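Enquirer: Just passing along the structure, written as structure tokens.
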Amino acid sequence: MLNRMTVKNFKAWHDAEIEFGKITGFFGTNSAGKSSLLQFLLLLKQTKNATDRGLVLDFGSPDDLVNLGSFGDVIHKRDQTGRMSWNLAWKMPEELEIVLRKGVPNELSIKSDSLETCCKVGLSRDYPRNYRMGYKFDGSMYSLEVLESSEKKFKLHTDNPDFSFIRSPGRAWPLGSPVKTHLFPDEIRWLYQNADFLNEFEKAYEDLIDSIYYLGPLREYPRREYQWAGSSPKDVGQRGERTIDAILAARRDGEKRNFGPRTWNIPFEKMIARQLKQLGIIHDFRLDEIAKGSNLYHAMVKTSSASPPTTLADVGFGVSQVLPALVLLYYVPEGSTILMEQPEIHLHPKVQSELADVMVSAVVSRKVQLIVESHSEHLLRRLQLRVAETDDNDERKISSGDVKLFFVSENKGKADVADLYLNQWGEIENWPYEFFGNEMDELASIAEASLKKKLGQPARKHML
């Protein structure tokens, strides 16, 4: 689970530091930089998955998770002499033990369940400049750093006072640059006698990145029929295009889920149907094969107990838009980190509030981490309510310490982030000015216009 992220010189962000919770919400004005924080994590995921090991950062193409253009497009204020840097700190599912000195009387081994990766990178026309890449484990850094005398030669370094890297005798070849900003060069393993443990850091990082899943703000239109070739997708796709595949794969594999402690496991498909019903948008949901062996399916819904079944394409648009969000929450492995942009899109305000309850249920029952970019006041208010109702010691519910909220705004061409403090009573103690507009001014203006209209006076016009 992600604990902390710092990013410098990425798009609108000169400097950002984010502490993540079990549920993290980014709110704020349009084009202020909220989505950029999620895009940065997707950039790291895309880079890790790139087949070209020569890429420093994979900025993507139209069909990728993100399509960011080039280094000049993502560096803050397009200053191509600048350097991007970042730190990611996370907690691993299990303790990691590394042995720094093997087979000696005072053998040194270290255990921890937390790890941090650090990177600083700049790009020029002729050479990717990776000035530093490394991992911090149990308070000590193990890094690859550029030599002061050259931008292309690197040294392996640690600030651990109880350990030093030992070069293999007779091998004076120089070290290469980091690979993809998170991998040490391959030759480290034979140039140094005691660097094998670095593999453990790289694997832990890749496990973290693999556990991040994403649902974008724009979802696919519902179809009248869906074809399934028996695939088992890892997620629902960034537009929800693999949602039906995921449900059918879970049905075939006998996957079951529950609503939390002391509740029964039920088949995955029924779980999703119950969640849709709980949201109050339909009465029933199921997938029917059109003809046996055809691999073609109808997504059938009933809007009420008395209504006839109809296809997903023939009901309100909101059902097909929220379905990928529900499936993603319950389909990905436990302990995953889920990124969602505007999960409330096309939903009635009441349903937005109910969606917050579904999110809380998934976070508690499946131990997933949820990072949401949203404009929904109703979703935020429901989170506040659930925190206010919860004893901080009740592990079955969400507490104030589990929820991190941020308000993002633009200030003179830079993105600013305010950490909103949510107390145990569900109150935001440092509520930003006009967070969701000025509601009291609107109410006062309505009352004034109404009174003047009753008195026969022209209402004051407001400039839009």
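The values are calculated or read from the model by the stated rules, or taken from the named source; none is laboratory data. This structure is a prediction, so every number in the text was calculated from the model and none was measured. Ideal geometry is used to build each Cβ from the backbone, glycine not excepted, and the neighbour counts take in all protein chains shown.
Enquirer: Quick check, is SER164 small (Gly, Ala, Ser), modelled with pLDDT of 90 or more and either out of contact with any helix residue (DSSP H, G or I) (no Cβ under 7 Å at 6 or more places or on another chain) or within 21 Å of LYS48 (Cα to Cα) (or both)?
Expert: Here the answer is yes, as SER164 does meet what is asked.
Enquirer: Could you pull out the residue among ILE371, ILE398 that is among the aliphatic types (A, V, I, L, M) and under 18 Å from the mean Cα position of the chain (by Cα)?
Expert: Step by step, each of ILE371, ILE398 is checked, and only ILE371 is among the aliphatic types (A, V, I, L, M) and under 18 Å from the mean Cα position of the chain (by Cα).
Enquirer: Let me ask another. Working only within region 236-249, note down all residues that are in a loop (DSSP other than H, G, I, E, B) and buried (at least 21 other Cβ atoms within 10 Å of the Cβ).
Expert: Passing the criteria: VAL236, GLN238, GLY240, ARG242.
Enquirer: Sticking with this structure for a sec: So the check is Cβ under 9 Å with 6+ separation or different chains; which pairs have a first residue in region 264-284 that's of a type in the set (Asp, Glu) and a second one that's assigned to a helix (DSSP H, G or I)?
Expert: GLU269/ILE247; GLU269/LEU248; GLU269/ALA250; GLU269/ARG251; ASP284/ALA273; ASP284/LEU276; ASP284/LYS277
Enquirer: Have a look at GLU225, GLU206 and point out the one that is over 26 Å from the mean Cα position of the chain (by Cα) and among the acidic types (Asp, Glu).
Expert: Matching residue, one of GLU225, GLU206: GLU225.
Enquirer: Under the condition of being closer than 15 Å to ASP15 by Cα and of a type in the set (Val, Ile, Thr), which residue from region 69-84 is surrounded by the most Cβ atoms within 10 Å (Cβ to Cβ)?
Expert: VAL74
Enquirer: Could I ask something else about it? Hey, any hits in region 187-208 for a residue that's over 28 Å from HIS298 (Cβ atoms), in contact with a Gly (Cβ under 8 Å, 6 or more places away or on another chain) and surrounded by fewer than 19 Cβ atoms within 10 Å (Cβ to Cβ)?
Expert: The answer is yes, given that some residue of region 187-208 is over 28 Å from HIS298 (Cβ atoms), in contact with a Gly (Cβ under 8 Å, 6 or more places away or on another chain) and surrounded by fewer than 19 Cβ atoms within 10 Å (Cβ to Cβ).
Enquirer: Within region 164-181, can one find any residue that is touching a Gly at 6+ places or on another chain (Cβ under 6 Å) and either under 30 Å from SER35 (Cα atoms) or touching a residue at least 40 places away in the same chain (Cβ under 8 Å) (or both)?
Expert: Within region 164-181 (the criterion being touching a Gly at 6+ places or on another chain (Cβ under 6 Å) and either under 30 Å from SER35 (Cα atoms) or touching a residue at least 40 places away in the same chain (Cβ under 8 Å) (or both)), the answer is no, since none of the residues qualifies.
The rows are residues; the columns are (1) of a type outside the set (Val, Ile, Thr); (2) surrounded by 22 or more Cβ atoms within 10 Å (Cβ to Cβ).
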residue: LEU323; (1), (2): yes, yes
residue: LEU328; (1), (2): yes, yes
residue: LYS350; (1), (2): yes, no
residue: ASP357; (1), (2): yes, no
residue: ALA362; (1), (2): yes, yes
residue: VAL368; (1), (2): no, yes
residue: SER374; (1), (2): yes, yes
residue: GLU377; (1), (2): yes, no
residue: LEU385; (1), (2): yes, no
